[in-house]
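Everything below concerns the one structure shown next.
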Amino acid sequence: MPKITYVENDGKSHTVEVDNGLTVMEGAVQNNIPGIDADCGGGMACATCHVYVKEEWFDKINKKSEGEDDMLDQAFEPNKFSRLSCQISVSNEIDGLVVDLPKKQ
Amino acid sequence: MIKTDALIIGAGPTGLFTAHQLRLIGLSCEVVDNLDKIGGQCIELYPDKPIYDIPAVPECTGEELTNNLINQLKPFDIKFHLNERVDEIKKENESWFVKTNNGTSFNTPNVIIAGGVGSFEPRKFTPKECEKFEGRSIFYSIKDKNVFKNKIVSIFGGGDSALDWAVELSSNSKVNLIHRRDEFRGAQSTLDKVYELEKVGKIKLFTKYQLKSVKGNDQIDSIDIEHENKEIQNLKSDYVLGFFGLIMQLGPIANWGLNLNKKTIEVDTEKFETNQKGIYAVGDICTYPGKLKLILSGFHEGALAARACFKLARPNEKYRFEFTTSSKKIKDRLGVKSD
């Protein structure tokens, strides 16, 4: 099972196994990782599952969905490595993915 | 002070259907919502997105669902208090005293929280010093556009609100429009207008910039904006407007003495009552073993909470279960003919 690492803003790191086919957001919610709210439940209708993908991983994960950037406009302190974690699907290819969590959602 | 049998907090689908259920069984109710329109998340987050799991409705959008629910409430003249947030709830004798941020107050034996994931609040600027300028030099919505006349206004955001206000204010003010990327998500026609106004020097456009800091004492004098490549520019500004959409905050609900589980309220599954007698929670905001965050679950929860309200609103009467197909009383309330 692919391992995903979530690094909280204060540096606290959580590495968990996430089933193939789930999203990085679901992996966080199912493992009670703080810092990802996912208010809309994965509908790409809010911007509360915002993460910063580590630079070396950014081009390896699936590309942004249509409209994802529009939602990211509303995220807290977005930058060029910002993604909505509900739009990143987990597969063996991204085993070892590291995402940083913003100060707040 | 408004006296009502039940007060519903939240005008989303669950709140609307709960109002229907209350009126059907002969109770009065009023609805409070922080948004400026009826519909909750359905109307604010996904008005155009199709929903496929409303029983007996194969497909409808958030907006259609809201309109259908409003139509279903037509027989009842229900008072909605929009643009108001419930700030305070306290026990007064056997009933609840409820007050909104606008000062509207209610006296009711039953409060039904149908608040989704909390109330929608504008997303705000990051720099800490912004808070002290809020309401004076920094705004997240516009009440009186005349204050900006002949001033320098820096507008942040890439959606319709930011673009519309940039165009609107550019006739009487100097406008800077600042956005974190090159693409805007607002309507193309407005965007074309913005580019035209930029050409004639009415709007200055700064893309790939975000707000870094604001400077000034009582009022803002200038702001620093930072480019993606870390370059900083100082812009003289009298007013700063931020249009970053809305975020849902649990808000004052957290202070009402309810048992919370993360951002949800614990309820029983008989009455959907919280740990406080006469306060119920239904829809996305409630939690219990097996809870599904579906609109259809909210309808069920609201129907049961409405029946529970009857007992507290009419302590000397006995609730009698009736069907809409056969009850003359219900048909009278709906204003339809009985056979």
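The values are calculated or read from the model by the stated rules, or taken from the named source; none is laboratory data. Bear in mind that the values here come from a model prediction, so they are computed numbers and not experimental data. Note that we place each Cβ from the backbone using ideal geometry, even for glycine, and neighbour counts take in every protein chain shown.
A few notes on this one:
- Breaking point among (1) within 14 Å of another protein chain (Cβ to nearest Cβ); (2) modelled with pLDDT of 95 or more; (3) in contact with a helix residue (DSSP H, G or I) (Cβ under 9 Å, 6 or more places away or on another chain), for A:PRO102: (3)
- When A:ASP39 is tested against (1) within 14 Å of another protein chain (Cβ to nearest Cβ); (2) part of a strand (DSSP E or B), just one condition goes unmet, and that condition is (2).
- In the condition set (1) surrounded by fewer than 18 Cβ atoms within 10 Å (Cβ to Cβ); (2) not in a loop (DSSP other than H, G, I, E, B), B:ASN275 is compliant with all but (2).
- Taking the range B:7-27 as the range and being in a helix (DSSP H, G or I), among the aliphatic types (A, V, I, L, M) and closer than 16 Å to B:ASN68 by Cα as the test, the residues that pass are B:LEU16, B:ALA19.
- Residue within the range B:314-324 that is surrounded by 15 or more Cβ atoms within 10 Å (Cβ to Cβ), within 17 Å of B:TYR280 (Cβ to Cβ) and out of contact with any Lys or Arg (no Cβ under 8 Å at 6 or more places or on another chain) present: yes
- Qualifying residue in the range B:321-338 (condition: among the aliphatic types (A, V, I, L, M) and either touching a helix residue (DSSP H, G or I) at 6+ places or on another chain (Cβ under 8 Å) or closer than 29 Å to A:CYS46 by Cβ (or both)): yes
- Residue within the range B:299-319 that is part of a loop (DSSP other than H, G, I, E, B) and farther than 23 Å from B:GLU92 by Cα present: yes
- Residue satisfying condition, being modelled with pLDDT of 95 or more, crowded, with 19+ Cβ neighbours inside 10 Å and out of contact with any strand residue (DSSP E or B) (no Cβ under 6 Å at 6 or more places or on another chain), within set A:GLU26, A:GLU8: A:GLU26
- Only listed residue being within 14 Å of another protein chain (Cβ to nearest Cβ) and either of a type outside the set (Lys, Arg) or without any contact (Cβ under 8 Å) to a residue 12 or more places away in the chain (or both), chosen from B:PHE120, B:PHE139, B:PHE133: B:PHE120
- Check on B:LEU169, buried (at least 16 other Cβ atoms within 10 Å of the Cβ), in contact with a Leu (Cβ under 9 Å, 6 or more places away or on another chain) and of a type in the set (A, V, I, L, M): yes
- Residue count for the range B:56-74, restricted to those that are surrounded by fewer than 16 Cβ atoms within 10 Å (Cβ to Cβ), under 17 Å from B:GLN21 (Cα atoms) and touching a residue at least 24 places away in the same chain (Cβ under 8 Å): 2
- Checked against the criterion of being out of contact with any His (no Cβ under 6 Å at 6 or more places or on another chain), over 23 Å from A:ASP70 (Cα atoms) and modelled with pLDDT of 95 or more, the candidates B:VAL153, B:VAL175, B:VAL167 yield just one match: B:VAL153.
- Under the condition of being outside any helix (DSSP H, G or I) and buried (at least 19 other Cβ atoms within 10 Å of the Cβ), the residues counted in the range A:62-97 number 10.
Here is a yes/no grid of residues against (1) in contact (Cβ under 8 Å) with a residue 24 or more places away in the chain; (2) within 12 Å of another protein chain (Cβ to nearest Cβ); (3) closer than 22 Å to A:SER82 by Cα:
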| residue | (1), (2), (3) |
| --- | --- |
| B:ILE155 | yes, no, no |
| B:SER161 | yes, yes, no |
| B:GLU168 | no, no, no |
| B:ALA187 | yes, no, no |
| B:LEU205 | yes, no, no |
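- All positions within the range A:42-51 that are within 14 Å of chain B (Cβ to nearest Cβ) and either among the charged types (D, E, K, R) or in contact with a Ser or Thr (Cβ under 7 Å, 6 or more places away or on another chain) (or both): A:GLY42, A:MET44, A:CYS49, A:HIS50
- Residues that are under 18 Å from B:SER222 (Cα atoms) and buried (at least 22 other Cβ atoms within 10 Å of the Cβ) within the range B:174-184 comprise B:VAL175, B:ASN176, B:LEU177, B:ILE178, B:HIS179, listed in sequence order.
- Only one of B:ASN93, B:ASN146, B:ASN102 that is out of contact with any strand residue (DSSP E or B) (no Cβ under 9 Å at 6 or more places or on another chain), free of Cβ contacts under 8 Å to residues at least 40 places away in the same chain and in the same structural domain as B:CYS42 (by TED's automatic domain parsing): B:ASN93
- Top-ranked residue of the range A:7-36 - restricted to ones that are free of Cβ contacts under 8 Å to residues at least 12 places away in the same chain and in a loop (DSSP other than H, G, I, E, B), ranked as nearest to the other protein chains (Cβ to nearest Cβ): A:ASN32
- With a requirement of 3 or more residues that are under 19 Å from B:TRP165 (Cβ atoms) and at pLDDT 95 or above, the strands (runs of 3 or more DSSP E) lying completely within the range B:198-248 that satisfy it span B:203-207, B:209-216, B:220-227, B:239-242.
- Within the range A:6-29, tally of residues that are more than 10 Å from the chain's Cα centre (by Cα) and either acidic (Asp, Glu) or closer than 15 Å to A:ILE88 by Cα (or both): 9
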